[in-house]
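Everything below concerns the one structure shown next.
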Amino acid sequence: MSARIDETLGTTNASHVRQRSDDVRLALLLTYITLGWMTIEGAASLLLGWASKSLLLEAFGIDSVIELFSAAVLLWRLRVEASGGATAEHVNLVEHRAARLVGYSLYALVVYVVLNSGYGLFVAKRITDTHESVWGILIGVVAKVGMPILAGYKLKVAARLNSRALRADAVESIVCGYLSIVLIVGLAATRILGWWWLDSVAALALISFLIKEARGSDQR
């Protein structure tokens, strides 16, 4: 009887290990997708934002760069677990430090948005090039469709792995989806209505999301 119980426990443990290994590989795949996506999205948003003088696009691009940094940290954490080269305590310590760095970066983004919105509204009164903003709207549409799907997969895997880091990264993907709505509305209204100031005002709508995410990162 004892031998049978030991055999059953051994089979269960082996199955659990295989399942976790599969989940880690899936998490790695999702992270690689995020890295590629954020690289393209960030570069395109920053370049188009600079070309069209759109603060909203620039802020969206910088947020993508911050998410790229977060995904890179998560990649390191997952690869460490996949290789078995570090203790759980060491991984948790690095995760905590990285989360704080991401939080500080988000606070920096808040300062950037506030200062540049004020500059765009009261000093330069910069006018968005609506021709270039069409591409910005397309970037927003792609993010609005894809980010929730990617975040959904991340949340499921994070729950199975009990990974706070992966869950935090999923939350950033969700926030990116919400920010894309602000991007679409702001750029579309600027193009259709010709309200040159709306781009800078709409950028301020990002602040509450960014502060909430920064606080969450700092507390993890």
Using θ = phi - 60° and the Karplus curve 6.51 cos²θ - 1.76 cosθ + 1.60, what whole-Hz ³J(HN,Hα) does each residue of the range 35-47 get, with Gly and Pro shown as x? 4, x, 4, 5, 5, 5, 4, x, 4, 5, 5, 5, 5
Using a Förster distance of 45 angstrom, determine the FRET efficiency expected from the C-beta separation of ASP22 and VAL114, and round it to 0.05. 0.50
Gain upon complete extension [THR39, VAL134; 0.36 nm per residue less C-alpha separation]: 32.2 nm
Assuming R0 = 45 Å, can you tell me the calculated FRET efficiency for the pair GLU89 and ILE207, based on Cβ-Cβ distance, to the nearest 0.05? 0.80
Between the range 14-42 and the range 166-200, how far is it from one alpha carbon centroid to the other, in angstrom? 26
Given 0.36 nm per residue, what is the gain on full extension from VAL185 to ARG79 after removing their alpha carbon distance, in nm? 34.3 nm
Shape category assigned to the range 21-219 from the gyration tensor of Cα positions, a/c cut at 1.5: prolate
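Coordinate-derived values only; no laboratory data. All values reported here derive from a predicted model rather than from experimental measurement. So basically every Cβ, Gly included, is an ideal-geometry build from the backbone, and we count neighbours across all protein chains shown.
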